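The numbers here are math on the coordinates, done by the rules we state, and not lab data. Source: prediction; values computed, not measured. Note: ideal-geometry Cβ built from the backbone for every residue, glycine included; neighbour counts use all protein chains shown.
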Amino acid sequence: MAGNTPAGPRALRRLGLVLFLPLGSTLLILRISELSPCSFASLLPPSQFTYQAVTMRLRYLSPLLVGAMLAPLISAQKTSVVVPQRYATVEGASRSTYPLSYRKVRWQMIVDSSEICRQVATLRSFEFRADGLHSSAGYAAFQLKPTIDLYVTSTSAKTMGKTWATNIGGAKKQTMFSGKVLKLPAFTGKAPVPHAFTVKIPFVRPFVLLRSKGNLLIDWQEQQTYQRSSWLADSAIYWRTSRPANTQIWKNTACKDGAGNQASISIASKGASPGQNLDVNFVLTPGPGQKLDLFINWLGLSNRQYGALKLPFDVTGFAGMTQCSLATDIVLTKAATTSPVSWPIPNDPKLEGLALYTQGMAINTKAMTLVLTDDAYLVEIQPVGGYSSAPVQSVFGPKYSGSPTGYMSTAFYAPILRLSGVIN
């Protein structure tokens, strides 16, 4: 029969094709040992998974049929996930010195497994990325030597507390990084943000996370002689009170027009929730003998592309401006003569978490001159009253020397990570 086996199946047989079939809480691992009219599939039940004994006759499988069988499995599987997921291509609204800026520190982070996978993730590494605007001043290279343990814990991001041991509970420790130097590269960030993930922690072995069993807890301990750097990681923040999460994504204080006019913006500390206003404050700084009497503000959805333009787009030379850039796209515009510019937000909870970008320009209507603001911001629409839960949380303790507790933000707050492996 082997001589009659089609070329396609024969090639697959040589590869020892393995299929991972998730069946609810059961993971069925199916190895195709031989593809012929008389062959059978064999089951490989690893000890950590429950399984069902299944015997099936494999008839002739054409390459097209094999492709059809594999397509839904391949499409559902990922090799990496950014957590929290909504920051995959969006800059976080905060930054964290923990854990990368410290020698002698303890840091824990919990990521709810629902944010990582649908059923199971086999993780092999995680990565940090540098904070956006603050890295433009440059980060010096820095070396750490952490011990990093991972756990599958019943504690969630919402229930995480300041006590290290309570967060772990009865979970089994798995040491994934130890005894090695972790080199943080010198880094100078440039717009647009977010930056690429550049600090990678590879694991010594795969770490299996079953969503049904609990959440991911990272426990980082660095015990070298205390030293602090300024290697800030891009971070997510979910405020528990009514206030907008925002961050500056562009800044160049040298931006001005030929008459020396300048302008800047900031985000008001209240509002920015469905049914409320997003208030954008502006400050106009006229040049000698000048008068700026009109301000145009806009909201956009991107800081990377505006039509055919790649952002930020240098407008030096246009209308006499120097060192000015268009840093966001333009979707909605609004004019004002007094600060702030108020943007009513529709009362729709589906808008929660939406990232908006804003910039503006000041105009001298008599002289017909204009200048862009020397900065631009990202603003996240927040729930009314703030967040009652979030998919991530962290605890930190500088100069750690065995204290049973650490410190926590009043918000849900943690670095943005990229987890890599096989994720289903």
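Between SER178 and ASP348, how high is the FRET efficiency from 1/(1 + (r/R0)^6) when r is the Cβ-Cβ distance and R₀ = 51 Å? Nearest 0.05. Please list the in-between numbers first.
On the way: r = 48 Å, r/R0 = 0.95.
In this case the efficiency is close to 0.60.
Over what distance in Å are the Cα centres of the range 205-219 and the range 378-423 separated?
17
Hey, for a label at ALA259 modelled as a point 7 Å past Cα toward Cβ, could you say which residues of the range 276-313 have their backbone N under 16 Å away?
284-296
Given a Förster distance of 60 Å, report the FRET efficiency between LYS399 and LYS366 from their Cβ-Cβ distance, rounded to the nearest 0.05. Can you show the working numbers first?
Details: r = 60 Å, r/R0 = 0.99.
Once the sixth-power term is evaluated, E becomes 0.50.
Quickly work out the LYS270-to-THR410 label distance, labels modelled 7 Å from Cα along the C-beta direction, and quote it in nm with one decimal.
1.5
If you take every residue apart from LEU144 with its C-beta less than 9 Å away from the C-beta of LEU144, what net charge results, scoring Lys and Arg +1 and Asp and Glu -1? Present the calculation step by step, with values, prior to reporting the outcome.
Working: positive: ARG103, LYS145, LYS183; negative: GLU222.
Summing Lys/Arg as +1 and Asp/Glu as -1 gives +2.
Calculate how large, on average over all directions, the projected area of the Cα convex hull of the range 245-380 is; give the answer in nm² to one decimal. Mind showing how you got there, number by number?
Details: hull surface 31.6 nm².
With the hull built on Cα positions only, its mean projection is 7.9 nm².
The range 120-214: percent of C-alpha pairs farther apart than 15 Å? Display every interim value, and only then the final one.
Values: 3128 of 4465 pairs.
Looking at the range 120-214, the distances longer than 15 Å represent 70 percent of pairs.
Express the relative contact order of the range 255-406 as a whole percentage, based on alpha carbon pairs under 8 Å and six or more residues apart in sequence. Mind showing how you got there, number by number?
Values: 341 pairs, mean separation 45.8, N = 152.
Relative CO of the range 255-406 lands at 30 percent.
What is the P(r) of the range 179-236, as percent of Cα-Cα pairs per 10 Å bin from 0?
12, 39, 34, 15, 0
So between SER230 and ARG118, what do we pick up on full extension, going 0.36 nm a residue minus the alpha carbon distance?
Details: separation 112, 0.36 × 112 = 40.32 nm, distance 3.60 nm.
Once the chain is fully extended between SER230 and ARG118, it gains 36.7 nm.
Cα to Cα, under 16 Å, and not fewer than 8 places away if on the same chain: which lysines meet these conditions relative to LYS183?
Once the sequence-local lysines are set aside, what remains near LYS183 is LYS104, LYS145, LYS200.
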